[in-house]
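Shown next, in structure tokens, is the structure this report addresses.
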Amino acid sequence: MSRLGDFHSKTTGMLQRLFSFKGGVKPQTHKAPSVQDPIAQAPLPSRLYVPLHQSIGGESNPLVEVGDRVRKGQVIGGADAWLSAAAHASTSGTVLAVEEHVAAHPSGLPTLSVVIEPDGRDEWVERTPLDHRSLPPEQVREALRDAGVVGLGGAVFPSHAKLTAAAGVAVEELVINGAECEPYMSCDDVLMRERAEEIVCGIAIFRDLLAARRVLIGIEDNKPEAVAAMQQAVQNLDEDYQVVAVPTRYPAGGAKQLIRVLTGKEVPASKRSTELGVQCFNVGTVYSAYRALAFGEPVISRIVTLTGNLERPRNWEVRLGTPLRELVALGRPKADTDRYLMGGPMMGFALPSLEAPVVKASNCIIAASPTMFPPSPPEMPCIRCGACAEVCPHELQPFELYWFSRARNFGKTQEYHIFDCIECGCCSYVCPSHIPLVQYFRFAKSEIWSREREKKGADAAKARFELRNAREEREQAEKAARLAKGAAARAAEKQARAAAAAEPAAGEAASSATASSAAATDAAVSPASPPTKPADAPAPVVAPAAPAISEVPALDAEAIKKATIVAAMERARAQRAAAQPRNTDQLTFEQKRQLAAVDARRAALQAEEKAEAAEAAEAAEAAETVAASAPVDTPRRVEQPGRRSE
Amino acid sequence: MMVFSTPPYLLQERSSVRRVMLQVLLALLPGIAAYVWLIGPGIVVQLVIATLTALAGEAFMLALRRKRLALFLSDGSAIVTAWLIALSFPPLAPWWLIVVGTLLAIVVAKHLYGGLGQNPFNPAMVAFAACIVSFPALMSQWPALGLKLDFLEQLQIIAGLAPRIDVMSGATPLDALKTALKLSDGSIDVPTLLATQEVFGNFAGRGWEWVASGYLLGGLWLWQRKLISWHAPFGFILGLSLLAAALWAWNPQQFANPVFHLFSGGALLGAFFIVTDPVSGCTTPRGKLIFGLLAGLLAYIIRVFGGFPDGVAFAVLLMNLCVPLIDMYSQPPIFGLKNEP
């Protein structure tokens, strides 16, 4: 430790003042077995199942089709929104399918994946290294997005979306997270030991994009080798980053906890860290960003800790999409292994199936046995002992949240800050009643989200209803206007006729004058009048000689005014419709496929109906000639609805 | 009501309700040892009666409520309640009084409110309050001091086989002080009483002062083991001694000193084993402090100015009523929102 201290003062010139977060627990770390050996390259699997949705945010759209040949690093799923990241082929080969495949998710639900059969050549797509200093920041962010760079600590949040400073707040500190507080996990540890210089190079990208003043690299003090390696790299590359060993206490590696420990700043759930002038990235993320820009290599692999009940625990560099079955076989699981966990034992989950592939979030795979993780004792009632509140790093009252969640009193859970819960599991860890508290909180959060969705749906329905009412009103107004115009025209005609009959002598000259004046009036009105006539409305009957009528203009003016308003509303609606994308414009791959299937079915059905109609017509013709054909015709008609419903 | 498909958590500390309760029982042992040594072995009989009654009552209610019998019977919470009842009742109370009290605590105060973790009132204190109101004579008969009864004789009295009247002329030190002051009508002062009367010992009741010291020892051990936080006991002791000290400073002739009050009656048992009950007490640190402080003040007021010999039970029950309110207004600020209004 004294050696470390020396390093510290040499590289930084001063000792970093550390802060502390409340709560936390100290479970056994079990990290030693997996750091005995260096990182190994996992062999090429027989098949790759690359999920298109591997990050927070939008799902990427497939850009390849069955039978396509892809090369290593080729984009196979394009980011479909700002908060999304691209997916890439992790080796060269042939696309066997673009289909749903079981995902590495607790639900076990399938997700759209590209199945690749490797050709063994592992041929790279053309790589274009970029220098982030010579590009505008916007382009660097786009490059990161298109390289699929996401938070590799496990949260898989697209990194480019975190690289914008908040308006008016300079980024004081950039925190690089190498704490790795989850027990068993060591992927960041070995990465820092073996590739420290690349990480240090990568930090510059993030520092420059955020214009961060200081860089603090936080590593838990149970990883002295990683601390030393990083300090050496910082020194070698002559950077002014501070490498800080932080006390080992779970969850010190939580972004908010590490920010607190290193800077003293507390980021609540309601704020982004940049609003407090600080941002945090995992060391794995920094490394992948560096590879992406400096070598043009997108994120196609990651370091995975394979540990637990195995003969050969170690860290592997694994291609994304590698089936977990092939990965765990490398570690030679012991006979009593009964399940596999992804993530650490505090925040991870039991994998639903080993058919699921390795994804960007797969930081650690633990083979578990009943002796390693004995089944949890039965859940007892909460005795409000407050042990959970003592260890909560966000200083919440977990037992209160539990009572409210249980009672489905979701308003109260929000009042007691349920969304500040980071689901670290400290409360569940210490609960003497063995209550799965985090599970209750997830339940409450998902209920609140679904209620919000429902509310949004109801609001949309309300808007639709109001729009319909407005339309009906408008149509009535249009009808009234039409009727009024018609009536006015008829009255004018009648009067004109009466006048013509009364003065037949002066008639010709007068009527021609009236006609010309009418034409003039028409011309004067015309620029304003087209919008008053909705396109679909039948053209009103225009009086040949309309003006100079005493009672009609008042009525007509009002109708025109009304019609003008209606038309203005109609125009606004049309503009809105043009500005807003229709819900059929941006469809996911799956929706498009379903639509295509529906269209095909409809076309087939129409063709069939046509054929049947023709047949029926023929039959009818025949019936005309042969009187006894009617009973034969009936069963065929009965058959039709049945076929349609198929 | 909710079923979770995947194991909720994988790592867990070796802690359980049973371990918590077991440690509370262990912490009571020094006090019980002093009790047996100085007051008499009859308390052991009472502890056994209370324990058996509590377990029977618990089993009966669990069966009625269709709960898992073995799981809940072995959690130890009923035994803790039983021991607290036995320790707060007169040591030679008839057996049926303990049975009635314990059943009241387990059946009514605990299970009718929903069982473990759901009772708003401390069950042992409900039992004590109900019994002292219903059987005031029996509940204030304490063995006269100097009375040396062997185990068999004590057993006979508890079982109702021996006459009670002759032996049960005693009172608690608190009661003795109060009665003497009332009878003397100002002609005698507290220091003289404490110095002359046989019922008083070095700094509180003779014998009882050491029992209370035993509770203090056990309580400190619980605090050291982090099973209880310092807030509630500290608040209780502070409340009781502040008021006692103020009145004693004002008129030492009429009011006993704070040390006497602290080591008399149920004060220290209450401070470390009653107001620290997590189920019926406050949960936030500030709340616990307020809860303890007010309970201590109330206990003093009731025991000195009220009609009962001790006030801990009523004080705790009254404060139990205030728990939701105190908790609501004493929520600590959370991470990141400490400077928000």
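The values are calculated or read from the model by the stated rules, or taken from the named source; none is laboratory data. Because the structure is predicted, anything quoted here is derived from the model rather than measured. Heads up, the Cβs are rebuilt from the backbone with ideal geometry, glycines too, and the neighbour counts pull from every protein chain shown.
If A:GLU379 satisfies all but one of (1) over 24 Å from A:ARG442 (Cβ atoms); (2) without any contact (Cβ under 8 Å) to a residue 60 or more places away in the chain; (3) surrounded by fewer than 21 Cβ atoms within 10 Å (Cβ to Cβ), what's the number of the condition it fails?
(1)
Each row is one residue, and each column tells you yes or no for (1) on the phi > 0 side of the Ramachandran plot; (2) modelled with pLDDT of 70 or more; (3) loosely packed, with under 13 Cβ neighbours inside 10 Å; (4) in a loop (DSSP other than H, G, I, E, B).
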{"site": "A:VAL541", "(1), (2), (3), (4)": "no, no, no, yes"}
{"site": "A:SER550", "(1), (2), (3), (4)": "no, no, yes, yes"}
{"site": "A:LEU555", "(1), (2), (3), (4)": "no, no, no, no"}
{"site": "A:LYS562", "(1), (2), (3), (4)": "no, yes, no, no"}
{"site": "A:GLN594", "(1), (2), (3), (4)": "no, yes, yes, no"}
{"site": "A:ALA597", "(1), (2), (3), (4)": "no, yes, yes, no"}
{"site": "A:ALA614", "(1), (2), (3), (4)": "no, yes, yes, no"}
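Please verify whether the range B:267-274 includes one or more residues that are more than 26 Å from B:VAL20 (Cβ to Cβ) and either in contact (Cβ under 8 Å) with a residue 40 or more places away in the chain or under 14 Å from the mean Cα position of the chain (by Cα) (or both).
Checked against the condition, which is being more than 26 Å from B:VAL20 (Cβ to Cβ) and either in contact (Cβ under 8 Å) with a residue 40 or more places away in the chain or under 14 Å from the mean Cα position of the chain (by Cα) (or both), the range B:267-274 yields no hits at all.
Taking the condition of being surrounded by 22 or more Cβ atoms within 10 Å (Cβ to Cβ) and touching a His at 6+ places or on another chain (Cβ under 6 Å), how many residues in the range A:414-450 meet it?
0
Do the conditions hold for A:VAL140, that is, is it outside any loop (DSSP other than H, G, I, E, B) and more than 30 Å from A:LEU354 (Cβ to Cβ)?
Here the answer is yes, as A:VAL140 does meet what is asked.
Looking only at the range B:310-341, which residues are within 11 Å of chain A (Cβ to nearest Cβ), under 17 Å from B:GLY281 (Cβ atoms) and among the aliphatic types (A, V, I, L, M)?
B:VAL323, B:MET328
Hey, among the residues in the range A:154-171 that are β-branched (Val, Ile, Thr) and either in contact with a Leu (Cβ under 7 Å, 6 or more places away or on another chain) or more than 15 Å from A:SER84 (Cβ to Cβ) (or both), which one's surrounded by the fewest Cβ atoms within 10 Å (Cβ to Cβ)?
A:VAL169
Here is a list: A:ARG453, A:ARG471. Which entry is exposed (fewer than 12 other Cβ atoms within 10 Å of the Cβ), assigned to a helix (DSSP H, G or I) and more than 14 Å from every other protein chain (Cβ to nearest Cβ)?
None of the other options fit; the residue is A:ARG453.
Restricting the search to the range A:268-293, which residues are in contact with a Leu (Cβ under 6 Å, 6 or more places away or on another chain) and at the interface with another protein chain (Cβ under 9 Å from one of its Cβ atoms)?
Matches in the range A:268-293: A:PRO268 only.
Counting just the residues of the range A:328-346 that are touching a residue at least 24 places away in the same chain (Cβ under 8 Å) and among the aliphatic types (A, V, I, L, M), which one comes out farthest from the other protein chains (Cβ to nearest Cβ)?
Among those residues, the one meeting the criterion is A:LEU330.
Can you say whether B:LEU25 is under 17 Å from the mean Cα position of the chain (by Cα), surrounded by fewer than 20 Cβ atoms within 10 Å (Cβ to Cβ), more than 14 Å from every other protein chain (Cβ to nearest Cβ) and modelled with pLDDT of 90 or more, as far as the supplied structure shows?
In short, yes.
Just to be sure before I move on: is A:GLU317 within 26 Å of A:LEU144 (Cα to Cα), assigned to a strand (DSSP E or B) and in contact (Cβ under 8 Å) with a residue 40 or more places away in the chain in the structure I sent?
Yes; evaluated as a whole, the condition is true for this residue.
Which of the residues belonging to the range B:65-90 are part of a helix (DSSP H, G or I), within 14 Å of another protein chain (Cβ to nearest Cβ) and polar (S, T, N, Q)?
B:SER77, B:THR81
Can you name the residue in the range A:391-447 that is of a type in the set (Val, Ile, Thr) and over 23 Å from the mean Cα position of the chain (by Cα) and, of all such residues, is nearest to the other protein chains (Cβ to nearest Cβ)?
A:VAL430
Please determine whether any residue of the range A:370-378 is at pLDDT 90 or above and either part of a loop (DSSP other than H, G, I, E, B) or within 14 Å of chain B (Cβ to nearest Cβ) (or both).
no
Could you check the range A:347-369 and list, in sequence order, the residues that are within 11 Å of chain B (Cβ to nearest Cβ), under 31 Å from the mean Cα position of the chain (by Cα) and not in a loop (DSSP other than H, G, I, E, B)?
Hits for the range A:347-369 are A:PHE349, A:ALA350, A:ILE366.
Out of B:GLY214, B:GLY281, I need the residue that is buried (at least 22 other Cβ atoms within 10 Å of the Cβ) and not in a loop (DSSP other than H, G, I, E, B). Which one?
Checking each option against the conditions leaves just B:GLY214.
Yes or no: the range A:54-63 includes at least one residue that is over 30 Å from A:LYS223 (Cβ atoms) and among the hydroxyl-bearing types (Ser, Thr, Tyr).
yes
Conditions (1) surrounded by fewer than 21 Cβ atoms within 10 Å (Cβ to Cβ); (2) basic (Lys, Arg), marked per residue:
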| residue | (1), (2) |
| --- | --- |
| B:ALA50 | no, no |
| B:THR53 | no, no |
| B:ARG66 | yes, yes |
| B:THR81 | no, no |
| B:ILE85 | no, no |
| B:VAL100 | yes, no |
| B:VAL108 | yes, no |
| B:LEU116 | no, no |
| B:PHE121 | no, no |
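Do we have any residue at all in the range B:254-263 that's under 30 Å from B:GLY207 (Cβ atoms), more than 14 Å from chain A (Cβ to nearest Cβ) and in contact with a Pro (Cβ under 7 Å, 6 or more places away or on another chain)?
No, the range B:254-263 contains no residue that is under 30 Å from B:GLY207 (Cβ atoms), more than 14 Å from chain A (Cβ to nearest Cβ) and in contact with a Pro (Cβ under 7 Å, 6 or more places away or on another chain).
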